Amino acid sequence: FPGGKVRLNVLTLLRERFRRAVPEGVDPESFTRAIRESGSDKFGDYQANGCMAAAKTAGVNPRDLAAAVAQRVDLAPLANPPEVAGPGFLNITLTTPFLAETLKHRLVSGRLLDDCPGTPQTIIVDFSSPNVAKPMHVGHLRSTVIGDALARIFEALGHKVWRDNHLGDWGAQFGMILWGYRHLRDPIAYAKNPVRELARLYRKVNDLSKPAEELGEKLDKVLKMLDEGRRDEAARLVLKLFDGRETPTPEEVAKLSKRIASRLRVLQEKVAHARAVTEATRRETAKLHAGDPENRRLWNEFMPHCLRALEAVYRRLDIRFDTQLGESFFDPMLADVVADLQAKGLAVESEGALAVFNEGANAPFLIRKRDGAYNYATTDLATIKHRVETYHPDRVLYVVDHRQSDHFKQLFATARRWGYDTVDLVHVSFGTILGRDGRPYKTRAGDVVGLESLLDEAVAQARKVVEENSPDLKPAEKAKVARIVGLGAVKYADLSQNRTSDYKFDLDKMTAMNGNTATYLQYAYARNRSIFRKGGVDPAKFAKKAGSIELIFNHPAERGLAVKLVRYPEAVELAAAELKPNILTDYLFQLATTYSSFFEECPVLKAESDERRDSRLALCELTARTLKAGLGLLGIGTAERL
Ligand code: ARG
């Protein structure tokens, strides 16, 4: 290892060599950025593709430029001198001694990643952040799983990560629950399982108040027509809006027109009731916020139950937080935040409300409603102030679904103008989870699926897979493996998607033994471990003496696996840089398939000689470690036997 300090990211090493070697007139940054993994073995292990663009800018021949760079760059001992190919590509092939030394170092040192490439940062990850006292559903899964993976990845790269669950514990759902608790509670059910009863009350009150908006709007249209004396038109509209009759017969219209008043009375009563409920729940929320002792007491009674239920889900998913500062925590700060924004001239009155007008935004950013209430935006502004003053973060990642992108654009713009312009605020947005029918995931009952039952289902599905493949395991072992496989499947399915796209939730596919699934990777790992068991080799002891093993890459499959293994740090660093865990899942999947071709073509325990056997065992051991570590960064476990 030239230069003493060991760097495990080979791509970075190559880039440094090229950065020093590019001739004058070529931008070293864009040139080095264009060095990447080759698309095919034919073009070496890496390719430098920057000559074409640089030659165009400089007005020279790209092949000549490529030849000049090849001449100047010194890649020894990492790689052979680059070869000029095609219109001006540079193909780079790693040397066997370098591959061997790099892999051996990893085995002996036990380290797979570099110590903080670049400057260590303090990064707050705002993730999961469900609204409590509503049933947690599958939509919350994405934020939880993606946020956790990003936190683990940044931590592994040596950054200081602060995990914050920004709980929605102060919103309108509490007004609904408070009202429901007073009017509709089943005391026995509440005593037995408070969280389930609160969730039931939430749904019930939601059903009661929903018509206020939906029906209310339609009804207002009809009433307006009646006011204007357009009776027949009003009847036609009723038939269309409430009965779904687009082209009623003239008789139908005439009939309804005569008795329209009584028909509307029924609807009016329904809407009036819904409006009354909505209004009553709104008052309960306002009372809670204003400090009403009874509502505060109930809130304090509900919260521990809600938190305990969440805790159970997090424990199951192996998710932890450093803080769970819910929206309620920031409530006492909101008045000052608003006063400050007003004093600085950022917030101005607008139709009785207080708003910030940001350039390029198509709506004002409301921070105080007409009735004096603060909102989600006010809380998020207070949160930024608190986070910056308390943790001095370099970055804050908000792992929240794409529907909130306008909110975050406005929030970040406001924060910058407010003076928080050095912290990097990022909305890590993601798409929707869909059912097999391509619509947002729901059960047959039409409910959004409860997260808990979904996890139960995944584990049950995994249990079937385990029963089929490993009938010999003891029942307790099977249950443990089923948990690892089931929860891993759910997490991996989510993480392996490009996070900005929607994806279909399909348990059968998630736990398939073949394809890009956690199950496939976990099986690759377990089969790998069985080689060591069969050969009576202790992996830890073996790795310790790996320094004296000669790694031999005679078979292309051996070399192919070695090169894949070398790339692990590149995949992790790229996943971090792009905030995309699917870069890591793609890498792990490629590693597992490369390993499986190696395994098919190169006998390990029955290798031709002891030297070859040891060399292959070393590749196996490093593969196992890389798979386990990589899955670990995604919050996914492995089992020694599956
Ligand atoms: N509680 C919000 C919701 O469920 C998400 C909060 C995200 N974090 C934030 N700082 N706004 O929609």
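Structure data summary
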{"quantity": "Whole-number D in µm² s⁻¹ for the chain, Kirkwood Cα-pair radius fed into Stokes-Einstein, 20 °C, 1.002 mPa s", "calculated": "74"}
{"quantity": "Distance from region 520-538 to region 217-246 (C-alpha centre basis), Å", "calculated": "71"}
{"quantity": "In region 514-621, GluC sites (Glu not before Pro) in a DSSP loop with at most 14 other beta-carbon atoms within 10 Å", "calculated": "550, 608"}
{"quantity": "Contour excess over end-to-end distance, with Cα ends at residue 369 and residue 578 and 0.36 nm allotted per residue", "calculated": "71.5 nm"}
{"quantity": "q = 0.10, 0.14, 0.16, 0.19 Å⁻¹: log10 I(q)/I(0) that the Debye formula gives for region 55-203, counting C-alpha atoms only", "calculated": "-0.69, -0.91, -1.00, -1.07"}
{"quantity": "Gain upon complete extension [residue 224, residue 548; 0.36 nm per residue less C-alpha separation]", "calculated": "107.7 nm"}
{"quantity": "Zone of residue 95's modelled label, taken as backbone nitrogen in region 64-85 under 14 Å from a point 7 Å along Cα→Cβ", "calculated": "74-82"}
{"quantity": "Tail weight of P(r) past 21 Å, computed on alpha-carbon pairs of region 10-94, percent", "calculated": "16"}
{"quantity": "Kirkwood Rh, angstrom, region 333-442 [1 / mean 1/r, Cα pairs]", "calculated": "15.1"}
{"quantity": "Anisotropy class of region 268-408 from Cα gyration tensor, a/c 1.5 cut", "calculated": "oblate"}
{"quantity": "Amide H contacts of residue 580 (H built 1.01 Å from N, under 5 Å, at least 5 apart or other chain)", "calculated": "none"}
{"quantity": "Region 1-134, relative contact order in percent, only Cα pairs under 8 angstrom and at least six apart counted", "calculated": "21"}
{"quantity": "Residue 158 long-range amide H proximity, modeled H, under 5 Å", "calculated": "116"}
{"quantity": "Tail weight of P(r) past 24 Å, computed on alpha-carbon pairs of region 173-290, percent", "calculated": "43"}
{"quantity": "Chain lengthening between residue 71 and residue 160 when straightened (0.36 nm per residue, less Cα-Cα)", "calculated": "27.9 nm"}
{"quantity": "P(r) histogram, all alpha-carbon pairs of region 458-633 included - 10 Å bins from 0, percent", "calculated": "9, 34, 34, 19, 3, 0"}
{"quantity": "Loop sites in region 252-348: trypsin sites (Lys or Arg not before Pro), DSSP, at most 14 other Cβ within 10 Å", "calculated": "259, 320, 344"}
{"quantity": "Estimated 222 nm signal from helices in the chain, with DSSP H stretches of n ≥ 4 weighted -39500 (n - 2.57), rounded to 500", "calculated": "-19000 deg cm²/dmol"}
{"quantity": "P(r) weight above 20 Å for region 463-545, C-alpha pairs, percent", "calculated": "44"}
{"quantity": "Residue among 384, 396, 372 farthest towards the positive dipole end of region 369-421, charges placed on Cβ", "calculated": "372"}
{"quantity": "Label point distance in nm, residue 269-residue 297, each placed 7 Å from Cα along Cα→Cβ", "calculated": "3.7"}
{"quantity": "Ratio of the Cα radius of gyration of region 121-232 to 2.2 N^0.38 Å, where N counts its residues", "calculated": "1.64"}
{"quantity": "Contact order normalised by residue count of the chain, Cα under 8 Å, 6+ apart, percent", "calculated": "15"}
{"quantity": "Computed E for residue 116/residue 513 - FRET, C-beta separation, R0 30 angstrom, nearest 0.05", "calculated": "0.20"}
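None of the figures in this text is laboratory data; all of them are computed from the coordinates on show. Just so you know, these numbers come straight off a predicted model, no measurement behind them. All Cβ positions, glycine included, derive from the backbone under ideal geometry; neighbour counts span all protein chains shown.
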